[in-house]
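Contents: one structure, followed by commentary.
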Amino acid sequence: MYRYDEFDHKFVEQRVGQFRDQVARRMSGDITEEQFRPLRLMNGLYLQLHAYMLRVAIPYGTVSGAQMRKLAEIARKFDKGYAHFTTRQNLQYNWPALKDTPDILAELASVEMHAIQTSGNCIRNVTADQFAGAAADEIEDPRIYAEIMRQWSTLHPEFSFLPRKFKIAVTGCENDRAAVRVHDIGLIMKRGPSGETGFEVLVGGGLGRTPMIAKTARDFIGADNLLSYLEAILRVYNQWGRRDNIYKARIKILVHELGIEDVVRRVDAEWARIKDRSYDLPVAERQRIAAYFAPPVFEQISGDDPTHLEQIAADPQFANWVGTNVVAHKQAGYNIVTISLKPIGGVPGDTEADQMDAVADLAERYSADEIRVSHEQNLVLPHVKQADLYTVWQALVKADLAIGNIGLVTDMITCPGLDYCNLANARSIPVAQMISERFAALDRQLDIGPLKLKISGCINACGHHHVGHIGILGVDRRGTEYYQISLGGSAEEDACLGDIVGPSFDYDHVTGAVETIIDTYVGNRHEGETFLNMYRRVGIAQFKEALYETA
Amino acid sequence: MTLSAVTANRLDDGVVVYLTEAAGWSENLNDAARAEKGPAADELLAKGGADFLAVVGPYLIDVVSAENGLQLVNMRETIRAAGPSVRTDLGKQAGN
Ligand code: SF4
């Protein structure tokens, strides 16, 4: 894992000191809320419905056991004993007091964490594949480049007042687990003509009011030139991105208005000007950063562990969980374990402090001290020996964390919605809970198969509803919660936006509508056909008919 | 009849509060000063807005008087006054 150098330490500590002073000045009346607001947002502190909310950065979703334990301790000491993991691989505390936040930030700094780049019109915390460094299909660990981009973007003087926020995601292989096509810049690692590492660069993706799938700006940029090329994109955006209208300020609008060819022309012109002027990292520096992400020392193991196979045969619950939550690792004898934060009827993404401690213990003992946060609001133990899976599962059972539903209908992405969020139109969490309870039976979930259901409480789309196989958007109709359903979206390699199925449903009917949609799929699918493939084959009409036939 | 009251979040801890007749802030909706919509409500809001040392972001909300005290009319304010509907063990509804 990346460790802070002296510069990082000093910078984060200075920031805590500055913020302490800014909070004191706000509380004594030396500065107004208008003056203070941008300062608190720069440190991840928002004001929500019931209280402040502190968003803690988890760069590329990687945390150690000690960091997780510190996050749990903060939840107990300064909050209400729990925390929420977000679709940007970050963590949110829902109840911190303003007066405590400097102390919270100091606690975070003690384990090399902070809340920088979690808000404001800057380059936000870079996200990455949660299986980075463990995935069997990756070329290189994408976190090396995420960390390089973090160092490049933090405190970048030119890019701290962009027209709007700017999100970058990177994946280490063609299989996209990081939803890179719905980011301002998405990077897909590839091999170049002579086997060198590089990236396909996609630009202008994003959800929200005007959802767009990113377009390819360049098929291949060598890793050596990544920073200068990104610099060129950001410069073009910074210069031509609209600042007159907050809804038109993201780079996706620039790409849409100018066209990708024109944007690429401008980027290439800028890049030609700057690429030889040392914007790029020297190879030695890249190697230095890469060394932090060197894989743990794996044991050489060949073949399946016989005891593991016996445990699978003897314990069907364990076998089910392995089937849904455990995937292959690049190292033989190891697996990647996803810990679902979507218990039936629970709050997606929420974890109790005791559960965070339990995960920290497991990471230290069985996963090379590494935990990942996925953009699908789950946790990952990336390096678990097959022979340890049963022990890990038993510990997860004890911690109420052994939910076997990854990739199934109850593994929903859900934003906080009107239960917490100041911008919400409708509640999201109770809708997720109703659907989760309706489909609680594992047999039924397994029969339905891979299904990505995503729920947002307003058009800002933090719950990625546009790219859900089934997407649900909360809307407000004269003070009453309604839910608009879309079908056929995807956030993966085949990314596309869903189609709105028709008039929205009220709170009491949305679960039934989802069930009708799923029953329509189950009743009409071909052998082995997933929901998404069936939708693509038959189109929306059949679903419309099933939903609205009585009208 | 729908009246107006002023709500905000308390500066030091973010707790939802309501402007009282005595120009203080109370966590209890029933303590809220109320005014008819229009100029009287604007005046009330101006009073709350001057108090930037105590609260953040005061604004007007609709309330109606009922037998058992003041009632809120919209969902957002109802949730603000109670706490998350999915965590009834937290927030004002739970007394913490
Ligand atoms: S989608 Fe809307 S309601 Fe949900 S968290 Fe984002 S801003 Fe809040």
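Just so you know, all these numbers are worked out from the coordinates, no wet-lab data involved. Model, not experiment: these values are computed from the prediction. Ideal geometry is used to build each Cβ from the backbone, glycine not excepted, and the neighbour counts take in all protein chains shown.
Things worth noting here:
- Prolate/oblate/rounded call for region B:2-94, Cα gyration tensor, a/c under 1.5 rounded: oblate
- Look at the stretch A:248-255: the mean tally of other chain Cβ atoms within 10 Å of its residues' Cβ atoms is 0.
- Cut-off 13 Å, label 7 Å out along Cα→Cβ of A:GLU174, residues of region A:120-153 by amide N: A:137-139
- Cβ-based net charge around A:ILE472, under 12 Å, with every Lys or Arg adding one and every Asp or Glu removing one: +2
- Partner chain coverage, peptide A:481-494 - average Cβ within 10 angstrom: 0
- Relative contact order of chain A, pairs being alpha-carbon contacts under 8 Å that are 6 or more residues apart, as %: 12 percent
- Among the residues of A:47-58, the average count of other protein chain beta-carbon atoms within 10 Å of the residue beta-carbon is 4.
- For A:MET356, A:MET42, the sequence from fewest to most other C-beta atoms within 10 Å is A:MET42, A:MET356.
- Low-density loop cleavage sites - trypsin sites (Lys or Arg not before Pro) in region A:449-523, where at most 14 other Cβ are within 10 Å (DSSP): A:ARG478
- Looking at region A:1-57, the trypsin sites (Lys or Arg not before Pro) that sit in a DSSP loop and have at most 10 other Cβ atoms within 10 Å of their own Cβ are A:ARG3.
- As a proxy for reagent exposure, ranking A:VAL501, A:VAL182 by other Cβ atoms within 10 Å from fewest up yields A:VAL501, A:VAL182.
- Tail fraction, Cα-Cα pairs, the protein assembly as shown, threshold 33 Å, whole percent: 49 percent
- Under a model in which nothing but the beta-carbon of Lys, Arg (+1) and Asp, Glu (-1) is charged, chain A shows a dipole of about 1900 debye around its Cα centre.
- GluC sites (Glu not before Pro) within chain B: DSSP coil, no more than 12 neighbouring Cβ in 10 Å: B:GLU21, B:GLU27, B:GLU36, B:GLU67
- Of the DSSP H helices in chain A, those with a Cα length along their own long axis of 20 Å or more and a mean Kyte-Doolittle hydropathy reaching -0.5 comprise A:226-240, A:260-274, A:510-524.
- Annotation: the residues A:CYS496, A:CYS173, A:CYS458, sorted from fewest to most other C-beta atoms within 10 Å of their own C-beta, follow the order A:CYS496, A:CYS173, A:CYS458.
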